[in-house]
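Read the figures in this text as sums done on the coordinates, not as results from a lab. This one's a predicted model, so the numbers in the text were calculated from it and none came from an experiment. Every residue, glycine among them, receives a Cβ derived from its backbone with ideal geometry; neighbour counts consider all protein chains shown.
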Amino acid sequence: MALRWQISTCKHRVSLNGQTNVITEAWFDVLDSETIGSGLTAVEHKGQYSSSVQFDTSDLSSFVTYDDVTEANVLSWVKETLGSNQVAAIEADVTNQIAESKAPAEVMGKPWS
């Protein structure tokens, strides 16, 4: 298992405070999975959290030119905007989803064929 943060898309303003193509919002996913077994009996347990954050664009002193922005940059901005407590809560949620999938508290079914 390894939590993966990824950016699915970004929204940007064409012009803002003298800069062009300023990223103002990013949509992100946090994913993890664990496969138990192999072949036809393999079961994959997955966890996912998806959301978006809006960035504070009031101070563009550390502006990065749009063509130079990397996914790592945006992930850093997302995590900074969320704060360490929210990042930890999101990661715990994804991890808990996998644990619940492996040992569910409730299951569906019927006792007869």
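Couple of notes before you dig in:
- Start at zero, step by 5 Å, and the Cα-Cα distances of the chain spread as 2, 10, 17, 17, 14, 11, 9, 7, 5, 4, 3, 1, 1, 0 percent across the bins.
- Toward the positive end of the charge dipole of segment 65-113, with +1 on the Cβ of Lys and Arg and -1 on the Cβ of Asp and Glu, the farthest Cα among Asn73, Val87, Gly109 is that of Gly109.
- The GNM of the chain, with springs linking C-alpha atoms under 10 angstrom apart, assigns the highest mean-square fluctuation among Thr57, Thr41, Thr95 to Thr41.
- Spatially proximal lysines relative to Lys11 (Cα-Cα < 18 Å; intrachain offsets below 8 disregarded): Lys79
- Ranked by the mean number of other Cβ atoms within 10 Å of their residues, highest first, the peptides 42-48, 27-33, 103-109 come out as 27-33, 42-48, 103-109.
- q = 0.16, 0.22, 0.29 Å⁻¹: log10 I(q)/I(0) that the Debye formula gives for segment 49-113, counting C-alpha atoms only: -0.71, -1.02, -1.29
- 5 angstrom amide H check on His12, placed H, neighbours 5+ away: Thr24
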